[in-house]
1. When chain B is treated as a GNM, springs tying every alpha-carbon pair under 10 Å, which of B:ALA40, B:ALA238, B:ALA69 comes out with the largest mean-square fluctuation?
2. Given the alpha-carbon gyration tensor of chain A, what are the semi-axes of its equivalent ellipsoid in whole angstrom, ordered largest first, with each equal to the square root of 5 times an eigenvalue?
3. Could you line up A:PHE231, B:PHE213, B:PHE123 from fewest to most neighbouring Cβ atoms inside 10 Å?
4. Provide A:MET196, A:MET159 in ascending order of the number of other Cβ atoms located within 10 Å of each residue's Cβ, fewest first.
5. Among B:THR186, B:THR134, B:THR34, determine the one that fluctuates most according to a GNM of chain B built with springs between C-alpha atoms less than 10 Å apart.
6. With +1 on each Lys and Arg Cβ and -1 on each Asp and Glu Cβ, how big is the dipole of segment A:244-307 about its Cα centre, in debye rounded to the nearest 20?
7. At 0.36 nm per residue, and after removing the present C-alpha to C-alpha distance, how many nm does the segment from A:ALA228 to A:ARG183 gain when stretched out fully?
8. With runs of 4+ DSSP H residues as the only contributors, calculate the mean residue ellipticity of chain A at 222 nm using -39,500 (n - 2.57) per run, divided by the residue total and rounded to the nearest 500.
Amino acid sequence: MIEIEHLTKRYGETIVVDDVSLRVEEGTIAVVVGTSGAGKSTLLRMINRLVEPSSGRVLIDGRDTLSIPEDELRHRIGYVIQAYGLFPHRTVSQNIATVPRLLGWDRKKIAARVDELLDLFQLDPGEFAGKFPHELSGGQQQRVGVARALAAKPAVLLMDEPFGALDPVIRSKAQDDLLAIQRRLGATIVLVTHDMNEAFHLGDRIAVMDQARLLQYAAPAELLTHPAEPFVEQLTGTAERPFRLLSLTRVKEALEPGDAEGEALVLSTTLHDALARLIALGKDALPVIDASGKAVGRITVERILAHGRLPA
Amino acid sequence: MSARALTFRAAALILLVAFITAPQLFAFVFKPLTVNDAPAIYNHGSLLALTLSHLRTVFLATLASTVLAVGLGIFVTRPSGSEFLPLSRSLVNIGQTFPPVAVLAIAVPLVGFGEKPTFIALFLYGLLPIFENTLAGLSEVPPQALEAAKGMGMNARQRLLQVELPLALPVILAGIRLSVIIGLGTATIGSTVAAKGLGEVIIAGLQSNNVAFVLQGGLVVALLAVLIHDGMGIAERAVAKRLGRPVDEVA
Ligand SMILES: Nc1ncnc2c1ncn2[C@@H]1O[C@H](COP(=O)(O)OP(=O)(O)OP(=O)(O)O)[C@@H](O)[C@H]1O
Ligand SMILES: [Mg+2]
């Protein structure tokens, strides 16, 4: 768990982060969004003390980060930056082994961990372990960057625009991979992005920053239904909001009893995708089945539309 | 390097070794250049010994330049030393702009004749290329790599030894190579103040009007320069390759 309390950063007269407080629960993903220069990176970098706060404090699992020597703190916090920052003079496996080596793990343990991570990120050790970063594609470099950040099994992972340089297809794959890995490892993640789709896809909670201030920190649906300020509404895309809301809700929540004709939808489908199916098939209703294939009810256009309605 | 270039280097090396170990074998080449039955091959000392002491002076002077210039380059790129950057730059620049002959002239009264003044001149002259290349190499380290190193908890020393210096190494080596090559040529003037070196052969030739001597001295220095230049170039590329850089990126 990360608790940020009244964190402020000033450079001379300019306030770059202004009295920000927020809490990231154990094993969840908090996404920070906002315009360029809003102070997102600075906020993130104050968590691992790459930037020293002017005032306020950060607690990790209840411990003030100021009470931990900074290098030791950073050994325990994974850090991924936009350009990945891979060491060009080190191979993929040496890059991944960076923190374990700093921590003095023995060779065998490091080698085993590197192989495990290469597997996890679908990089064949035989092919990739000995390659240098310049021999990798952008997507592969990105995976190595994340693998390196996870090497010493940090409980906290900080990611500053980790997918910024990827093309849309690879990017959405990388996001899914991150979600899968996060569920498996249960890490607490703070991720900065410019991409609102990414924020809604990944975030358990989303923090909206503008001009050094934290405008709102809430669950994605809350951000859509109750934006705290016009800026939040604007950032989430005024016209897009109903559709985003539908993407966040699953068929399960709009299920009604009864039956319908046609190809069945699964309970875990999002309302967004369900509506797309209904439109494409020209239907008003479709049957719904659970994961085991048993019919459990039906979904209707009317119910879906009701879920996309925003409070006036 | 192409096969032809390689053959050429090998031939140059064989020629050089043969010439400094058994110069009399080549007397017939130089004989036509002499007049009044003057000796065709330098006869006041062994060419081999002169070559070795020439190399020794250059090696020691460059070693000293390297230690100081790299050390200074590291120091002024640390936060604690950054305010000394302009000062170090001008000092090192003075070392380069002061002609070695003038350094010899000043050094001789202070340290006497022999190898010492030559060493001082070469040392001062060799500082600039190494210092500037150290600065360039360190400043070319990708900022993201440094940020990542810091973010993963490397301390200042670990960042320097594990990230900055390895990445700057090819550029630093290129600076050292430049100093060595400059030093090889410049060391010849050391013979004017009685340093043992190949300059002796050239000067003897000039004094006795013996073109053969001048040519011999010049030839050995030139061959040494070409071979050392290439040898160090190969070493640099090997280092760059081990450091994971595409070879064509290294000039
Ligand atoms: N070391 C520094 N000294 C002075 N100002 C700084 C420093 N670092 C950052 N700033 C300023 O702080 C502000 C916030 O920077 P920050 O990098 O946190 O923004 P950001 O939200 O991450 O922006 P982006 O989306 O473009 O990455 C910017 O105006 C920047 O110029
Ligand atoms: Mg940023």
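1. B:ALA238
2. On the way: eigenvalues 278, 145, 53 Å².
Over the Cα atoms of chain A, the ellipsoid semi-axes are 37, 27, 16 Å.
3. On the way: A:PHE231 18, B:PHE213 28, B:PHE123 23.
Ordered from fewest to most neighbouring Cβ atoms within 10 Å, A:PHE231, B:PHE213, B:PHE123 come out as A:PHE231, B:PHE123, B:PHE213.
4. Values: A:MET196 18, A:MET159 25.
With the fewest neighbours first, A:MET196, A:MET159 line up as A:MET196, A:MET159.
5. Comparing B:THR186, B:THR134, B:THR34 in a Gaussian network model of chain B, the most mobile one is B:THR34.
6. Details: 8 positive and 9 negative charges, 42 e Å.
It comes to approximately 200 debye.
7. Numbers: separation 45, 0.36 × 45 = 16.20 nm, distance 2.98 nm.
Length difference between fully extended and current span is 13.2 nm.
8. Details: 14 runs with 119 residues, N = 312.
After summing the helix terms and dividing by residue count, I get -10500 deg cm²/dmol.
Every number in this text was worked out from the coordinates using simple rules, so none of it is lab data. Predicted, not measured: the structure shown is a model, and the values here were computed from it. Positions of Cβ are generated from backbone atoms using ideal geometry, with glycine treated the same way; all protein chains shown enter the neighbour counts.
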